[in-house]
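The values are calculated or read from the model by the stated rules, or taken from the named source; none is laboratory data. What you are looking at is a predicted structure, and each value in this text was computed from that prediction instead of being measured. Don't worry about glycine lacking a Cβ; one is built from the backbone with ideal geometry, like all the others, and counts go over all protein chains shown. For the accessible areas, the whole protein counts, side chains as well, though only heavy atoms, and no ligand, DNA or RNA atoms are used. Shrake-Rupley method; radii C 1.70, N 1.55, O 1.52, S 1.80 Å.
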Amino acid sequence: MIDMEHIVADSAVFIMGKDINSKSLITVPSVIDELKSSQANMRFQLAAEEGARVESPDPGLVKEVLKVARYSSDIEELSQTDVDILAKALEYKESSVLFSDDYAVQNVAVLLKINVKPVSQKKISDVLVWGKKCTGCKKRFDGGDICPVCGSALKKVRKRKV
Ligand SMILES: [Zn+2]
């Protein structure tokens, strides 16, 4: 059992069925909308009966998450649900742990100094910033879609550790 004042739960918590204290569990409406499997839904219903809460994220904190995600270029990888759950974790930053299996979510969480733990996967050990690499001449760039040198498409790569 994980004993923290608040546990902010991404959809993976309900999909994987993590053994955590439901009373301290908080999630956002968009996570609940994402729970398609009946088993994940049932896990949420049980947690809700035991005191789990669903709270909308604060719009100001959503903006803060987007700002950091833009900086680290994780924004392309984040869904609205990811942004919502990060904003909720940011709100309870001092007293919570965020459970998520999404690498982009984990990356932005680390940048925002949110306690983050994986539900099933191993946690990334370093923060990564994304860059672009040409699929033709293999030169590296900070951004863009087309290589200014040879005209080939650029693909996203992990650029450096912060
Ligand atoms: Zn090129």
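Cβ-Cβ below 7 Å, separation at least six or inter-chain, first residue in the range 64-87 and closer than 18 Å to Lys132 by Cα, second assigned to a helix (DSSP H, G or I) and of a type in the set (D, E, K, R): which pairs? From the range 64-87, no pairs qualify. Within the range 73-82, not a single residue is farther than 20 Å from Asn115 by Cα, open to solvent by less than 30 Å² (accessible area, probe 1.4 Å) and out of contact with any strand residue (DSSP E or B) (no Cβ under 8 Å at 6 or more places or on another chain).
Examine the range 108-126 for a residue that is in a helix (DSSP H, G or I), touching a residue at least 40 places away in the same chain (Cβ under 8 Å) and either hydroxyl-bearing (Ser, Thr, Tyr) or more than 16 Å from the ligand (Cβ to nearest atom) (or both), and state whether such a residue exists.
Keep residues of the range 108-126 that are in a helix (DSSP H, G or I), which gives 108-111.
Within this subset, residues satisfying the condition of being touching a residue at least 40 places away in the same chain (Cβ under 8 Å) are 108, 111.
Subsequent filtering for residues that are either hydroxyl-bearing (Ser, Thr, Tyr) or more than 16 Å from the ligand (Cβ to nearest atom) (or both) retains 108, 111.
Yes, the range 108-126 contains at least one residue that is in a helix (DSSP H, G or I), touching a residue at least 40 places away in the same chain (Cβ under 8 Å) and either hydroxyl-bearing (Ser, Thr, Tyr) or more than 16 Å from the ligand (Cβ to nearest atom) (or both).
Residues in the range 38-64 that are more than 17 Å from Ala9 (Cβ to Cβ) and β-branched (Val, Ile, Thr): Val62 only. Quick check, is Asp101 open to solvent by 50 Å² or more (accessible area, probe 1.4 Å), not in a helix (DSSP H, G or I) and not hydroxyl-bearing (Ser, Thr, Tyr)? No; evaluated as a whole, the condition is false for this residue. Among the residues of the range 11-67, those that are at pLDDT 90 or above, open to solvent by 10 Å² or more (accessible area, probe 1.4 Å) and assigned to a loop (DSSP other than H, G, I, E, B) comprise Glu50, Gly51, Ala52, Glu55, Ser56, Pro57, Asp58.
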